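Beneath this line is the structure, given in structure tokens, with notes to follow.
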Amino acid sequence: NSANGRARFERGWSEGWSSENTATYTREINTIHRITGMVGMSARSTRWENFNVEGNQFEQEDLGYYGFPSAKTMLPPGLSDTKVNEVSFFGRLNYSLMDKYIFQATVRADGSSRFAENNKWGYFPSASAAWRISEEGWMKNVRFINNLKLRASWGISGKQAIGAYESLAKVGTYVTTINGLDPVMASYFSSLENSNLKWETTTEYNVGLDVDFWDSRLGVVIDAYNKTTSNLLYANPVPQYTGYGTVTENMGKIRNRGIEFTVKAVPVQSRNFEWALDFNIGLNRSKVLALGIQDWQTVGTGWRTGEQGYLEVGKPLGNWYGLKVLGIWQSQSQIDQAVAQGLIDESQKPIPGQYRFYDRDGNGKTTAEDRVIIGSAEPDFTGGLSTSFTYRNLTLSANFVFTYGNQIFNGNSYEMSGSNNYNNAYKSAVNRWKPTLYYYDAVNGVRGELFMEGNPSNKIPVSSSGLTPIEMANDTWIEDGSYLRMQDITLSYTLPEKFVRKLRLSNVRIFLTGTNVFCWTNYSGFDPDVNVSSGQASYLQPGLDYFSYPRARSF
């Protein structure tokens with residue numbers, strides 16, 4: 001309505017090509033030496049283009065699409081043209097000696113147009129070795145172990161998760177006026193140049209052990225790793241006086257260490273019945289080793305305004321950053337006493353029923369400087385369990401996944417706490433703080449009969465028209481994200497072979513499957529397995545829930 005009609009015409013297209021080429025050579029010498037070599041190259045080019053034009057102020061709508069040229073006001077057309085080129089050269093050499101000692105080495109050179117002129121190429125080698133101990137002669141008498149392998153590997157990989165022209169100073173345009181009458185087109189630099197932008201690299205060390213017992217009735221796999229990521233591609237905030245918000249840089253170093261443990265077993269195996277089991281559990285511990293020229297950095301997740309994450313050298317990833325709630329102001333006298341003691345600044349004087357926040361800097365005001373670490377998005381451990389029971393032609397199988405110890409930032413609470421605008425609210429809002437009210441005898445100046453019994457809640461604040469919560473995360477919105485989910489369960493029956501042959505078929509299987517059947521969790525949202533953090537926060541600060549759509553349950 002404000003534009004008296006608005007029309008937009010947009011056309012976009014994309015094209016791309018890729019080429020993959022490999023040559024492999026294999027040779028076996030006296031069944032003792034086996035050598036395999038491979039070399040190759042790949043190339044890819046992708047281009048996206050978009051054109052749009054927009055007009056408003058239409059006298060009539062009857063012409064519809066064909067009336068587009070009749071707009072009184074035409075906005076400047078928009079055009080975007082993005083192209084990315086990538087090329088890689090790689091090689092791999094495998095060597096096996098008597099199937100006991102296995103070695104592999106790879107090297108690859110990757111080039112990408114996303115990086116600066118002198119840093120478009122990255123070089124990533126890797127090597128691994130394995131010793132099949134069970135093939136040694138002195139292991140032949142150890143009959144209860146049928147496979148024993150020791151593994152070790154090292155490698156470097158690269159990452160290019162940035163836009164097409166992040167290393168360049170991009171130019172933007174807009175329409176303005178100098179004399180207040182005539183429109184002119186102005187151009188400006190919309191981003192800062194970074195001529196040193198290069199590949200993000202990750203170096204990983206891994207050792208592992210594979211053991212199978214009793215004709216593979218029981219198998220154990222153990223993996224331990226140490227992974228260090230350097231030259232992180234990060235949109236680093238810059239001072240506002242520069243005229244820019246961020247610049248994409250290589251900054252910081254992060255380490256991840258962990259161990260993964262897997263057990264595969266067939267506890268019961270008979271002629272008509274079999275029970276199979278597969279269990280895995282893993283833990284990862286991250287640590288920030290460097291953050292460029294500073295020791296700490298806040299992280300924005302994309303939730304409304306501000307930053308909800310916190311990085312600091314020496315601490316793990318995924319720290320939730322916000323205000324710590326000490327309770328709720330219960331009475332006006334309590335507030336007046338705090339003001340008299342200098343604990344509250346008069347300019348930010350709260351009302352009864354509002355949160356009491358921890359005053360970190362002691363200035364009596366609730367500001368961003370009062371934020372502390374209020375939770376962690378990094379789980380203590382994760383894992384899964386798969387099991388199946390087979391009786392003749394009938395099979396029941398189920399798959400479970402779990403995580404423990406991580407915390408979710410429930411951003412929905414800002415909107416649904418019952419005191420923000422006119423949104424719907426959680427049912428817990430009925431237990432919010434409420435004052436005890438009495439009738440007042442104005443003639444005698446005394447308190448009269450009870451009008452409404454209050455609710456001295458110390459968890460849920462007062463609901464008040466026009467009272468907007470502070471737009472900073474607080475620890476009441478941090479929730480336990482631990483869960484155990486039945487990912488799927490299937491009951492199946494395979495028809496007998498004799499019956500199937502009569503139908504001239506090779507196999508007939510009838511089954512009923514349920515997906516996302518149950519999820520046991522204390523999280524109050526739709527799904528604890530959630531991460532709508534945007535940009536780099538999707539891996540630096542995961543675990544944001546902000547009206548994410550619930551996962552479907554299907555049968």
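The values are calculated or read from the model by the stated rules, or taken from the named source; none is laboratory data. Note that this is a predicted model, so its numbers are computed, not measured. Using ideal geometry, Cβ is built from the backbone for each residue, glycine included, and neighbour counts are taken over all protein chains shown. Accessible surface is based on the protein model in full, side chains and every heavy atom, while ligands, DNA and RNA are left aside. Shrake-Rupley method; radii C 1.70, N 1.55, O 1.52, S 1.80 Å.
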With every protein chain in place, what's the accessible area of S506 (1.4 Å probe, Å², nearest 10)?
-> 120 Å²
Average accessible surface area per residue within the chain, 1.4 Å rolling probe, Å² | 60 Å²
Go through (i) 28.1, 93; (ii) 31.9, 114; (iii) 27.0, 82 and flag the label whose value is the computed Rg and Dmax of the Cα atoms in Å for this structure.
-> (ii)
Euclidean distance of C-alpha centroids, region 205-256 and region 479-555, integer Å | 27 Å
What net charge do the residues around E61 carry, taking every other residue with its C-beta under 15 Å from that of E61, with Lys and Arg at +1 and Asp and Glu at -1?
-> +1
What accessible surface, in Å², does a 1.4 Å probe find on E20, ignoring ligands, DNA and RNA and rounding to the nearest 10?
-> 120 Å²
In terms of the charge dipole of the chain, which places +1 on Lys and Arg and -1 on Asp and Glu at the beta carbon, the residue among Y483, Y391, A425 farthest towards the positive end is Y391
Which ³J(HN,Hα) values, rounded to whole Hz and listed in residue order, are derived for region 548-553 from phi using the Karplus coefficients 6.51, -1.76 and 1.60 in 6.51 cos²θ - 1.76 cosθ + 1.60 with θ = phi - 60°, glycine and proline given as x?
-> 6, 6, x, 6, 6, 10
Does region 386-454 come out rounded, prolate or oblate, given a ≥ b ≥ c as the square roots of the eigenvalues of its C-alpha gyration tensor, rounded meaning a/c under 1.5 and, failing that, prolate meaning a/b above b/c?
-> prolate
The chain - mean residue ellipticity at 222 nm from DSSP helices (-39,500 (n - 2.57) per run, n ≥ 4, rounded to 500) | -1000 deg cm²/dmol
Neighbour net charge for S457 - beta-carbon separation under 10 angstrom, K R +1, D E -1 = +3
With the charge dipole of region 282-359 built from beta-carbon charges (+1 for Lys and Arg, -1 for Asp and Glu) about the Cα centre, the Cα from L291, P316, T305 projecting farthest to the positive end belongs to P316
Electrostatic dipole magnitude of region 193-309 [Cβ: Lys, Arg +1; Asp, Glu -1; Cα centre; debye, to 20] | 220 debye
Report the far tail of the P(r) of region 389-519, meaning the percent of Cα-Cα pairs longer than 25 Å.
-> 61 percent
Applying the gyration tensor rule to the Cα atoms of region 222-304 (axes a ≥ b ≥ c; rounded if a/c under 1.5, else prolate if a/b exceeds b/c, else oblate), the class is prolate
Quick one: how many Å² of L181 are accessible to a 1.4 Å probe, rounded to 10?
-> 140 Å²
Could you bin all the Cα-Cα distances of region 1-151 into 5 Å bins starting at 0 and give me the percent of pairs in each, rounded to whole numbers?
-> 2, 7, 10, 9, 9, 8, 7, 7, 7, 6, 5, 5, 4, 4, 4, 3, 2, 1, 0
What is the antiparallel percent of DSSP beta bridges lying wholly in region 260-312, to the nearest 5?
-> 100 percent
Which whole number of Å³ per residue matches the convex hull of the alpha-carbon atoms in region 451-555?
-> 236 Å³
Quote the FRET efficiency, to the nearest 0.05, computed for S190 versus N424 with a Förster distance R0 of 51 Å and r equal to the Cβ-Cβ distance.
-> 0.85
Under 1.5 on a/c is rounded, so check that first for region 361-411, then, if it is not, pick prolate when a/b is larger than b/c and oblate when it is not; a ≥ b ≥ c are the square roots of the alpha carbon gyration tensor eigenvalues.
-> prolate
What is the sum of charges around C519, taking Lys and Arg as +1, Asp and Glu as -1, for the other residues whose C-beta is under 13 Å from the C-beta of C519?
-> 0
